[in-house]
Structure formats: structure tokens, C-alpha cells
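Quick notes on the structure that follows.
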Amino acid sequence: MKIEGSVAVITGGVSGLGRATLACFVAQGCKVIALDMNDELGAEVSAEYGDMVLYHKTNVTLEDDVKQALANGIKKFGRIDICVNCAGNGDAGKTYSRRNGLMPLETFKRIVDVNLIGSFNVARLCVEQMVKNEPNDDNEKGVIINTASVAAFEGQIGQVPYAASKAGIVGMTLTLARDLSSLGIRVNTIAPGLIDTPMLARLSDDVRHTLEQSVLCPKRLGQPSEFAGAVQFLVNNGYMNGEVIRMDGGIRMQPK
């Protein structure tokens, strides 16, 4: 599918991985419906990109919220071709610790709700619109890109909810691609490693250096623009389907 001239839904679209993907898409002539919860950054993105972007404050776990956002996007741009799920919650905590005791069940539910259920919720509601598109020469009507994490494969101590939610995204990739194959919709997933997002920006220089040295090559954190490049590849390459791509500099996470 060509990015130019398409319309994309990007969750978590006003910061980090989502914003980098938004910038990449807009630069290539793609209009973007940006779903996020940060009105300040939403206004910033809207001012920067003008009529190419529609920001909509959206809780991805709520069906009515997402439906309203997509309806407003379709009213402005006419259709939906691409869905990129970047919204996520990375809170950490042990199942049981001597200091804090037992992890509240609500903590586990909240992280899975945003990362896994939210991704599926947005994807399925985008599918409802994609099936209305005219197919291209490959009989393709839409593309979905979900965001997992290397934690899906090597979750660290304190990452049980996060790792479980991202493993769920990995697990549904091929099955969702199979579900949607007859509709002309491809599904792929990117599992990033250590990316220099606002979440990691809070770390001290010493911790950042230690993390960088754990990467095989290059010895640095990944850039959001590199994630956006991977999304671009998966959208453009019509033969990529049902795949999970690790984008991690060759790192294999240790227990802690």
C-alpha cells in the first residue's frame, strides 16, 4: 500500500513512537487521525501539521470513544487505510514485593486493557471502515501495524503485566492476519527494544549508558524515527503479512 494519499489512524499519535510515525506519514502526503489523551501535545501537533492531522482525545479502551474519533476522522478525510497502534502503558511492579506486598489485580488489568485490549479495539473498529475501501491491484484494502515489545519474549523482573500484554499482541498477529485475509487487510507487529522515548528520557545518564552498552550494535538507544521507518516498510511491502519484527539492535534482555 502506498503511504502517499492514504489516511492513517495512529494511537499514541502525539508523542514518542506514534508522533515519529505521524511525522513520517505526513511528510509523504498521508493524512493522519491521531488518537491520544494529551490535549497539550495534541494542540501542538495540530498547529504544526494543520489540515493534514486531526487530533482526537480518545481512550482506546472505550468503544464509544474510538467510534467517535473514527467517525470524525472519516468526516474530515473520507476513509481509513492504515491503522498503527502505538498507545501503551509501561508501568512496572513485582507480583509480590517485601516493600509493597501483593500487586493489586487492578494494576494488571489496567496495563493489559490499554496495551492489548486497546490495540484490538482500535484495530477491529478500523477494519469496519477499511472493508469499504476499493481494493488495489493486490486486492488490498487496509494495513494494521501493532506495537509489541521485546518484553513479549524476554520480560524482566517487574514486567509481568507489561510482558503479558505485549505477548498477547505478538500472539494475535498471525491469527488476526488470517481472520482478515479474505477482506484484503494485512496485519504485522513491531517489537521494539530500547527506544529513546519520553519514558526512557527520565532515566539518569548512568542508567542510559548501561542500557546502551547492552545493545549489540549500534551501542545506543533506538530512535523513534527508526521505528517509523519500520512502520513505513511494513505498509509499503505488500508481501509482509502476519509477521512480528524485532527492532532492537540485537539485544536480549536480562532478568533485571
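What follows is calculated from the coordinates using simple rules that are stated; it is not laboratory data. Since the structure is predicted, the reported quantities are computational estimates derived from the model, not experimental observations. For neighbour counting, all protein chains shown are included, and Cβ atoms are generated from backbone atoms with ideal geometry for every residue, glycine included.
Across the Cα atoms of the range 176-221, what radius of gyration and what greatest pairwise Cα-Cα distance (Dmax) are found, in Å?
Calculated on Cα positions, Rg and Dmax stand at 17.2, 50 Å.
How would you classify the range 164-256 from its alpha-carbon gyration tensor, with a ≥ b ≥ c the square roots of the eigenvalues: rounded for a/c under 1.5, else prolate if a/b is greater than b/c, otherwise oblate?
Details: a/c = 2.76, a/b = 2.09, b/c = 1.32.
Judged from the Cα gyration tensor, the range 164-256 comes out prolate (a/c at least 1.5, a/b above b/c).
If you add up the charges near H56, with Lys and Arg at +1 and Asp and Glu at -1, over every other residue whose beta carbon is less than 12 angstrom from its beta carbon, what do you get? Don't jump to the answer; show the numbers that get you there.
Details: positive: K57, K67, K75, K76; negative: D36, D39, D65.
Once positives and negatives cancel, what remains is +1.
Divide by every residue of the chain the summed helix terms, -39500 (n - 2.57) for each DSSP H run of at least 4, and state the resulting mean residue ellipticity at 222 nm, rounded to the nearest 500 deg cm²/dmol.
Result for the chain, helices only: -13000 deg cm²/dmol.
Sticking with the crude label model, points 7 Å out along Cα→Cβ, report the distance from N100 to S225 in nm, one decimal please.
3.6
Scan the range 82-157 for trypsin sites (Lys or Arg not before Pro) in coil per DSSP, keeping those whose Cβ has at most 11 other Cβ atoms within 10 Å, and list them by number.
Working: sites: K94, R98, R99, K109, R110, R124, K132, K141; in loops: K94, R98, R99, K132, K141.
Filter output for the range 82-157: R98, R99, K132.
Could you work out how far helix 118-130 tilts from the main Cα principal axis of the chain, as a 0 to 90 degree angle to the nearest 10?
Compared with the principal axis, the helix lies near 10 degrees.
How long is the range 75-181 along each principal axis, judged by its Cα atoms, biggest number first, in Å?
If we take the Cα atoms of the range 75-181, the spans are 59, 29, 17 Å.
Can you tell me how the range 17-104 classifies by the Cα gyration tensor, rounded, prolate or oblate, using a/c under 1.5 as the rounded cut?
Details: a/c = 2.79, a/b = 2.13, b/c = 1.31.
It is prolate, given that a/c is not under 1.5 and a/b is the larger ratio.
Convex hull over the Cα atoms of the chain, averaged projected area in nm²? Please report the intermediate quantities before stating the final value.
Values: hull surface 54.6 nm².
Value for the chain: 13.7 nm².
Towards the positive end of the charge dipole of the range 139-256, with charges on Cβ (+1 Lys, Arg; -1 Asp, Glu), say which of G184, L211, Q232 has the farthest Cα.
G184
Given the C-alpha centroids of the range 61-108 and the range 127-191, what is the distance between them in whole angstrom?
15
Using θ = phi - 60° and the Karplus form 6.51 cos²θ - 1.76 cosθ + 1.60, what ³J(HN,Hα) does each residue of the range 42-56 get, whole Hz, x for Gly and Pro?
Rounded to whole hertz, the list is x, 5, 5, 5, 4, 5, 6, 10, x, 6, 7, 10, 10, 8, 9.
Excluding residues on the same chain fewer than 8 positions from K31, give the lysines whose Cα lies under 22 Å from its Cα.
K2, K57, K67, K75, K76, K132, K141
If eta is 0.692 mPa s and T is 37 °C, what Stokes-Einstein diffusion coefficient results for the range 211-256, Kirkwood Rh from Cα pairs, in µm²/s? Intermediate results must be reported in sequence, preceding the final value.
Details: Rh = 12.2 Å.
Result for D is 270 µm²/s.
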